[in-house]
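Have a look at the structure below, then the notes.
No lab work stands behind these numbers, since they all come straight from the coordinates. Because the structure is a prediction, the values reported are computed rather than measured. Cβ sites come from the backbone with ideal geometry, for glycine too, and all protein chains shown count toward neighbours.
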């Protein structure tokens with residue numbers, strides 16, 4: 001994988017979103033999916049906190065990347081994001 005390869009994100013309505021560097025996408029996605037797998041279901045806030053603790057700093061807004069990747073994975077049918085008691089949760093689809 002070349003560092004300048006990119007991933008076209010999907011929005012929740014299925015339309016194309018932003019493009020981000022594939023290396024960054026894969027790194028954040030891998031960490032988040034590992035955390036979700038361990039937790040089963042987790043609040044987005046807690047997922048963000050745990051992911052940030054495992055990421056090394058890089059240029060850009062880590063929180064934006066995490067929100068964009070969760071939205072992309074939800075649009076692709078890999079994750080579900082139910083709203084429970086006014087709080088957003090994340091879990092594997094199905």
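Details
- Counting beta carbons within 10 Å around each of 76, 53 and listing the fewest first gives the order 53, 76.
- Rounded to 10°, Cα long-axis angle of helix 62-75 versus longest principal axis of the chain: 70
- Acute angle (nearest 10 degrees) that the helix 44-54 long axis makes with the longest principal axis of the chain, alpha-carbon atoms: 40
- Neighbour counts of other Cβ atoms within 10 Å put 27, 15 in the fewest-to-most order 15, 27.
- Whether the stretch 25-77 is rounded, prolate or oblate, judged on the alpha carbon gyration tensor where a/c under 1.5 counts as rounded: oblate
- In degrees, nearest ten, helix 22-39 long axis to first principal axis of the chain (Cα): 20
- Arranged from fewest to most other beta-carbon atoms within 10 Å of their beta carbon, 5, 72 become 5, 72.
- Long-range Cα-Cα pairs in the chain (distance over 18 Å), rounded percent: 43
- Counting only DSSP H runs of at least 4 residues, each contributing -39500 (n - 2.57), and dividing by the residue count of the chain, the helix-based mean residue ellipticity at 222 nm comes to -15000 deg cm²/dmol.
- Estimated distance in nm for a label pair at residue 55 and residue 12, the labels positioned 7 Å out from Cα along Cα-to-Cβ: 2.0
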